[in-house]
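Notes to accompany the following structure.
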Number of protein chains: 2
Amino acid sequence: MDHSSETLAVNAADVREAAERLKGHAIVTPLLDYPLVSERLGFRLLIKAETLQITGSFKFRGASNRLLAAKATDPNLRAVVAFSSGNHAQGVAAAAKLLGFKATIVMPSDAPAIKVANTKGYGAEVVLYQRHSEDREAIARAIAEREGALIVPPYDDPFIIAGQGTAGLEITSQAKALGVTPDLVIAPCSGGGLVGGVATAVKDVFPKTAIYAAEPAGYDDLSRSLAAGERVPNKPSAPSICDALMAERPGALTFPIHRKLLAGSKVVSDEAVLDAMSFAQRHLKLVVEPGGAAGLAAVLAMRGELQGKTAVVVCSGGNADPEMIKRAADRGDPLL
Amino acid sequence: MDHSSETLAVNAADVREAAERLKGHAIVTPLLDYPLVSERLGFRLLIKAETLQITGSFKFRGASNRLLAAKATDPNLRAVVAFSSGNHAQGVAAAAKLLGFKATIVMPSDAPAIKVANTKGYGAEVVLYQRHSEDREAIARAIAEREGALIVPPYDDPFIIAGQGTAGLEITSQAKALGVTPDLVIAPCSGGGLVGGVATAVKDVFPKTAIYAAEPAGYDDLSRSLAAGERVPNKPSAPSICDALMAERPGALTFPIHRKLLAGSKVVSDEAVLDAMSFAQRHLKLVVEPGGAAGLAAVLAMRGELQGKTAVVVCSGGNADPEMIKRAADRGDPLL
């Protein structure tokens, strides 16, 4: 089947429009350069540090873009509702707080404590549900009907995808400022809003750059969907430490973008993710959460084929519980 | 005694010259903005993240400025030697490697393992000495004589002070870009090259900004020297976790700068430093080493008097051993 003429949910102009909308709202996160670490790796490693975004993850971008657009079209909107394992929860809660909306967030009862605490800290009401027995979307719909609230989905929404894509647009201008055309850009993938948006922005400016997703082992729905040519769900599997990357299957809107723009998806083990978190602590001086480090884990595994090249890695979130920070600190130095 | 007419070792023009020299060598580190963390604190917290400088600390700036200047005046110079507990060691080793010098570093036998390993990793020869029984300066002088090497002092050198000051010059332009005039700028202090250089650059642009040093309890030689009006050494004291901030007394060149430009020096306990490291992990998503977090510890203690103001905190280094990262992770959340 030829998908080349398919109309995608988001294009580069949508991302540029989102970037205009987010000016003065989201942080332009730095693209960090580590010359001596790169020398030891044998390839140039540039880190897009979304850990330093408001709420500690890229999710604030999409949530703010969605709410700013909704505010412009419906001045009477007062409340929003979202379901999320944690980072989208925080992004929506913080965006709602800053833009003057009441937020209710439906979160799984096993979400990391730091994410639940932060979501409440941003002023949102948190409704907990059982991940394996309750339907979070039904809970969210009931709240939305009761409160006249807007549901802010985690990825399958053009404004969300375009908002996350602003991280990619920043990568293009920051790479140009360094005089670099990346050979590879990689971002963690759950529902695929981030990597879809980033691919949209980066491919528009650097058409030859290869864009990869990174997924946790056992939650490799995108890899298998790309191979199958259609969206397939995850198989029942052991839990992963990447709590942020557990979407059931690629999004209806994001998957066509992935299929058209991605070079592929790299699958990483929990062990590789912990090593990447340790690498980030020791060599990058960054706290990265497990899901946020999936792309870093992937490029460390690709070291051989990356020699002499330039890789941009989106570290997408930094909301790691202290216990997880300690588990990573206990690993040896992956560079020794 | 009136010191106002005293000629200081470094002025703002020297710092600007150093910044020109360091272009393309040192990283322009980001001034990080955390709007929602600031809202919870009640004051605007901006972090100058020298943890993200090459070698994980500001020391690379001064070392590179010293070596670049030496290279320009003596094209035959081939070797350098330095004594340091760790961050200056890494800064000199990395600058030497990148500029083509042989480096020998004299380090105390109790320096953090990560700093010794990194110094060797940058290609330097490491000579260990006993902190309490051997004279590191004599060892360095003997090496310098034998090898015709340039001694690169940790702080008492105009090029070193001016190089560290480039972090302050960047703060001024980055604060202007945010439309902010800081009420306070604070930097950790050992021999005082960093805070002296930063004060020189910041006071030139923002004369009303108060500049503070931060020192560990038991190593409060600057506080007591400012009170005495002359350089006094530390009293024999319990060890501190701030291994980077253990200079014996303020420098001969740095102290006149401190006396003229600083509003004071804040003294912080090991407990406060660990809390600041925990705060950095949880809320700033940064790995900061104990000495590097002294300024952060100080502003967290000054929270009451900072309400509504803007504080720029230099987090000066991130070379924390995994054990220290874990000790910080075990602290509770200082914001709760």
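Under 5 Å between amide hydrogens, built in the peptide plane, is the criterion, and for A:ILE27 it picks out A:ILE54 among residues at least 5 positions away or on other chains. Listed values for the stretch A:164-180 are Karplus-derived 3J(HN,Hα) couplings in whole Hz (6.51 cos²θ - 1.76 cosθ + 1.60, θ = phi - 60°), namely 4, x, 5, 4, x, 4, 5, 4, 5, 6, 5, 5, 4, 4, 8, x, 10, and x replaces Gly and Pro. Given a 1.4 Å probe and the protein chains as shown, B:THR7 ends up with an accessible area of around 120 Å². For a modelled paramagnetic label at A:ALA177, 7 Å from Cα along Cα-to-Cβ, the residues of the stretch B:27-41 in reach, with backbone nitrogen under 12 Å, are B:28-31. Against the longest alpha carbon principal axis of chain A, how many degrees, from 0 to 90 and to the nearest 10, is the axis of helix A:270-279 turned? For helix A:270-279, the angle is close to 70 degrees. Amide H contacts of A:VAL185 (H built 1.01 Å from N, in plane; Pro and chain starts excluded): A:ALA210, A:ILE211, A:TYR212, A:VAL312 sit under 5 Å, all sequence-distant by 5 or more or on other chains. If the segment from B:LYS260 to B:VAL232 were pulled out straight at 0.36 nm per residue, it would be longer than the present Cα-Cα gap by 8.4 nm. Shape analysis of the stretch A:175-329 yields a ratio of the Cα radius of gyration to the Kirkwood radius, Rg/Rh, of 0.96. When the Cα positions of A:THR200, B:GLN307, A:LEU286 are compared along the charge dipole of the protein assembly as shown, A:THR200 comes out farthest toward the positive end, with charges on each C-beta of Lys, Arg, Asp and Glu. Backbone amide hydrogens, once placed in the peptide plane, bring B:GLY264 within less than 5 Å of B:ALA213, excluding anything fewer than 5 places away on its chain.
Working from Cα positions, state the angle (0 to 90°, nearest 10) between the long axis of helix A:59-73 and the longest principal axis of chain A. Its long axis makes an angle of about 40 degrees.
Relative to the longest principal Cα axis of chain A, at what angle does helix A:12-22 sit, 0 to 90 degrees, rounded to 10? It is inclined by approximately 70 degrees. With 5 Å bins beginning at zero, the pair-distance distribution over Cα atoms of the stretch B:59-151 amounts to 3, 16, 28, 25, 19, 7, 2, 0 %. What the Kirkwood sum gives for chain A is a hydrodynamic radius of 19.6 Å, with every pair of different alpha carbons counted. Here the sum of -39500 (n - 2.57) over DSSP H runs of 4 or more residues, divided by the residues of the protein assembly as shown, equals -13000 deg cm²/dmol at 222 nm, to the nearest 500. Between B:SER84, B:SER38, B:SER133, the Gaussian network model of chain B with springs among Cα atoms under 10 angstrom shows the greatest mean-square fluctuation at B:SER133.
Given R₀ = 35 Å, FRET efficiency for B:ARG40-B:ALA217 by Cβ-Cβ distance, to 0.05?
Working: r = 27 Å, r/R0 = 0.76.
For B:ARG40 and B:ALA217, the calculated efficiency is 0.85.
Among the residues of the stretch B:31-69, those with an accessible-area drop of 10 Å² or more from chain alone to full protein complex, heavy atoms and 1.4 Å probe, are B:LEU32, B:ASP33, B:TYR34, B:PRO35, B:LEU36, B:GLU39, B:ARG40, B:THR51, B:LEU52, B:ILE54.
Exposure check, 1.4 Å probe, all protein chains in place: B:LEU128 carries approximately 100 Å² of accessible surface. Dividing the Cα radius of gyration of the stretch A:245-292 by 2.2 N^0.38 Å, with N the residue count, gives 1.47. 3J(HN,Hα) couplings calculated from phi for the stretch B:198-204 with the Karplus curve 6.51 cos²θ - 1.76 cosθ + 1.60 (θ = phi - 60°) are, in sequence order, 5, 4, 4, 6, 6, 4, 5 Hz; Gly and Pro show x. Note on the stretch B:131-240: percent of Cα-Cα distances in each 5 Å bin, starting at 0 and stopping at the bin with the largest distance, equals 2, 11, 15, 17, 17, 14, 11, 7, 4, 2, 0.
The simple Förster model, with R0 at 30 Å and r as the Cβ-Cβ distance, assigns B:GLU20 and A:LYS208 a FRET efficiency of 0.30. Here the Karplus relation 6.51 cos²θ - 1.76 cosθ + 1.60, evaluated at θ = phi - 60°, turns the backbone of the stretch A:317-325 into coupling constants of x, x, 8, 8, 5, x, 4, 6, 4 Hz, with x for every Gly and Pro. Here is how far apart the B:PRO207 label points are across copies: 5.7 nm, shortest first, using a point 7 Å from Cα toward Cβ. The alpha-carbon atoms of the stretch A:1-126, seen along their principal axes, cover 52, 43, 36 angstrom, with the largest extent given first. Each other copy places its own label point for B:SER269 at 4.5 nm from this one, sorted shortest first, where the point lies 7 Å along the Cα-to-beta carbon line. Per residue, the convex hull around the alpha carbon atoms of the stretch A:203-278 comes to 105 Å³.
One chain, two ends: A:ALA13 and A:LYS71. Fully extended at 0.36 nm per residue, the span grows by 18.8 nm beyond their Cα-Cα distance.
Within chain A, antiparallel bridges make up roughly 10 percent of the DSSP beta bridges whose residues both belong there.
Here the simple spin-label model places points 7 Å from the Cα toward Cβ, and for A:LEU336 and A:ILE151 these points are separated by 5.1 nm. When the Cα positions of B:GLY121, B:THR254, B:PRO158 are compared along the charge dipole of chain B, B:GLY121 comes out farthest toward the positive end, with charges on each C-beta of Lys, Arg, Asp and Glu.
If packing is taken as the average number of other Cβ atoms within 10 Å across a peptide's residues, how do A:319-326, B:70-77 rank, most packed first?
Per-residue Cβ counts within 10 Å, averaged per peptide and sorted highest first, yield A:319-326, B:70-77.
Taking Cβ atoms as reference points and 14 Å as the exclusive limit, the residues near B:THR209 contribute a net charge of +4, counting Lys and Arg as +1 and Asp and Glu as -1. Of all DSSP bridge pairs formed entirely within the protein assembly as shown, close to 15 percent run antiparallel. Centre-to-centre, using Cα atoms only, the stretch A:170-245 and the stretch A:121-156 are separated by 26 Å. Magnitude of the charge dipole for chain B, about its Cα centre and with charges confined to Cβ atoms of Lys, Arg (+1) and Asp, Glu (-1), is about 620 debye. Here's the picture: charge each Lys and Arg Cβ at +1 and each Asp and Glu Cβ at -1 in the protein assembly as shown, and of A:ALA89, B:GLY332, B:PRO216 the one pushed furthest to the positive end of that dipole is A:ALA89.
Using the alpha-carbon positions of the protein assembly as shown, Rg (one decimal) and Dmax (whole number) come out as 25.3, 87 Å.
The values are calculated or read from the model by the stated rules, or taken from the named source; none is laboratory data. Since we're looking at a predicted model, the values are computed, not measured. Every residue, glycine as well, gets a Cβ built from its backbone with ideal geometry; the counts of neighbours run over all protein chains shown. The protein model used for the area step is the full one, side chains on, heavy atoms only, and it has no ligands, DNA or RNA in it. Shrake-Rupley method; radii C 1.70, N 1.55, O 1.52, S 1.80 Å.
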